[in-house]
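The values are calculated or read from the model by the stated rules, or taken from the named source; none is laboratory data. These figures come from a predicted structure and were not determined experimentally. Every residue, glycine as well, gets a Cβ built from its backbone with ideal geometry; the counts of neighbours run over all protein chains shown.
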Amino acid sequence: MKFDAILFDFDGVVIESEYEGNAHIADYLSRIGHATSAEHAMTHFMGLSGRQFIDAIESWIGRPLPEDFFAERAAEDARAMRDGVGAVDGAIDFIRSLPADLPVAIASSSSHAWIRRHLDHIGLLHRFDGRIFSGKEDVPAGRGKPEPDLYLLAARAIGVDIARTVILEDSPVGVTGALRTGATVIGVTAGRHCVDGHADRLRALGVEAIAPDYDAVRDLIGLTPA
């Protein structure tokens, strides 16, 4: 291995929630009179949370979001929590193949409840239990992605030097913060949300290593196939 630990983003890197969530947003906006493609939503809203997320959508539609947007999002989140969201192609096998003594962690903007539910759904909760870090809950308000704080917290908590760590990220917001840590950053474009031009957007932000699938991740981190 070239690295001492791996930090995983979650939505879009481990599970396909970025695709499902942005497709739902595009459908909602189109229904209220603002024609929006899933590709547009994935390009402009992906990876954002809190006020940044709302501001980006309201800037696109040119007006405040209707109140029922929040109820619809809550209903969609509840459906996802009930039914579970599937894994990005190759993610499960890749994670299961990692050496048992290799430190790994999740560093995600999502809540602990969301992350744990879907890790359990795809059978990987045991691998990350106790090493899940949430930008919503574990860093001060306003210090989530694209700030570097969440990744630095995760590295400290699992006892590794961030400079000897690789971060797997998929969104422009995520890679912006990851690159500020001094870690090696791999842009993972294996998810269904990574439309044409996505890899180029990550490269433009400074990501040198792009992995279109988990075989490429394996090669980039120097992991010998089992």
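The listed residues are Trp60, Trp114, and the only one of them that is touching a residue at least 12 places away in the same chain (Cβ under 8 Å), assigned to a helix (DSSP H, G or I), out of contact with any Asp or Glu (no Cβ under 7 Å at 6 or more places or on another chain) and not assigned by TED's automatic domain parsing to the domain that holds Asp170 turns out to be Trp60. Looking at Ala87, Ala91, just one residue is touching a residue at least 12 places away in the same chain (Cβ under 8 Å), on the phi < 0 side of the Ramachandran plot and touching a helix residue (DSSP H, G or I) at 6+ places or on another chain (Cβ under 8 Å), and that residue is Ala91.
Among the conditions (1) within 20 Å of Ala56 (Cβ to Cβ); (2) surrounded by fewer than 22 Cβ atoms within 10 Å (Cβ to Cβ); (3) β-branched (Val, Ile, Thr), the only one that Val173 does not satisfy is (2). When you check Leu150 against the structure, is it more than 21 Å from Ala190 (Cβ to Cβ), under 17 Å from the mean Cα position of the chain (by Cα) and surrounded by 20 or more Cβ atoms within 10 Å (Cβ to Cβ), yes or no? For Leu150, the condition - more than 21 Å from Ala190 (Cβ to Cβ), under 17 Å from the mean Cα position of the chain (by Cα) and surrounded by 20 or more Cβ atoms within 10 Å (Cβ to Cβ) - is met.
Take Ala204 and tell me if it is out of contact with any helix residue (DSSP H, G or I) (no Cβ under 7 Å at 6 or more places or on another chain) and surrounded by fewer than 17 Cβ atoms within 10 Å (Cβ to Cβ). The answer is yes for Ala204.
Summed over segment 1-44, the residues that are on the phi > 0 side of the Ramachandran plot and either buried (at least 21 other Cβ atoms within 10 Å of the Cβ) or in a helix (DSSP H, G or I) (or both) give a count of 1.
Can you find even one residue in segment 195-214 that is under 13 Å from the mean Cα position of the chain (by Cα) and more than 12 Å from Ile6 (Cα to Cα)?
So in segment 195-214, the residues under 13 Å from the mean Cα position of the chain (by Cα) come out as none.
Checked segment 195-214: no residue is under 13 Å from the mean Cα position of the chain (by Cα) and more than 12 Å from Ile6 (Cα to Cα).
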